[in-house]
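A short worksheet on the structure shown next.
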Amino acid sequence: MKEIQQALSEIHLIRSQVARGTQFRGYGPASIAFTGLLALGVAWAQNEWGGAQKHDLVFNLSVWICAAAVAVAVSGVETIARARRVHYGLAQEMLQSAVEQFFPALVVGVLLTAVLVKIAPNEFWLFPGLWELIFSLGIFASCRFLPRPMFGVGIWYLVAGLCSLLVSSGPKSFLPWTMGIPFGVGQLLVACVLQFCVEGKIEEA
């Protein structure tokens, strides 16, 4: 019995190592593009009709947390479905590996937001820039098993985050387009990379 358990453990370890060294093809360009368009649409709507609440912390956080939840749900469903179709028997290990790469940045973003809301609620104009910087770190961490051009997307989010902090430092208010443009353009860039560097290979296979 011990030998069987040891053999199963070794097989699981081998599968995990293979997954970490394999390019992940589970992310779908369609759902990622949707998240980019969603970010642009939410920013436009907030800019048009949410002017009176630009200094309202709860309102701004609620809007973008809801948008993020929709984006994660839509992209998550497609990612799981594609991973099962493309990676076959390694789908679970590939999904786990993908989550492991990006999850630390996500946790840092949530915790940092919670702390800033607690200690500096009047400085929430910092959130867009900080979120974009943290998102760039998540992309950089994931680059080793994604197409090489994805590194350029990480650079985009890094530069966008720094620019958002500079732009927002003047009025010191939450500017919708400091969320919409960086995440909208960034996610559309991700979708383009996936379409041309991943989707084509899947079709050829």
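The values are calculated or read from the model by the stated rules, or taken from the named source; none is laboratory data. Because the structure is predicted, anything quoted here is derived from the model rather than measured. For neighbour counting, all protein chains shown are included, and Cβ atoms are generated from backbone atoms with ideal geometry for every residue, glycine included. Surface accessibility is based on the protein's heavy atoms, side chains included, excluding ligands, DNA and RNA. Shrake-Rupley method; radii C 1.70, N 1.55, O 1.52, S 1.80 Å.
Which ones in the stretch 45-70 are in contact (Cβ under 8 Å) with a residue 40 or more places away in the chain and under 26 Å from Ser31 (Cα atoms)?
Those that are in contact (Cβ under 8 Å) with a residue 40 or more places away in the chain and under 26 Å from Ser31 (Cα atoms): Gln46, Asn47, Asn60, Leu61, Trp64.
Test Leu40 against the stated conditions and say whether it is at pLDDT 80 or above, farther than 30 Å from Phe124 by Cβ and either among the acidic types (Asp, Glu) or surrounded by 17 or more Cβ atoms within 10 Å (Cβ to Cβ) (or both).
no
Quick one: in the stretch 112-148, which of the residues that are under 22 Å from Lys172 (Cα atoms) and small (Gly, Ala, Ser) is least open to solvent (accessible area, probe 1.4 Å)?
Only one residue tops the list, namely Gly129.
Could you tell me whether any residue of the stretch 106-125 is closer than 29 Å to Leu162 by Cα, charged (D, E, K, R) and part of a helix (DSSP H, G or I)?
Taking every residue of the stretch 106-125 in turn, at least one turns out to be closer than 29 Å to Leu162 by Cα, charged (D, E, K, R) and part of a helix (DSSP H, G or I).
Which of the residues spanning the stretch 156-176 are modelled with pLDDT of 95 or more and either part of a loop (DSSP other than H, G, I, E, B) or open to solvent by 70 Å² or more (accessible area, probe 1.4 Å) (or both)?
Within the stretch 156-176, Trp156, Val159, Leu162 meet the criteria.
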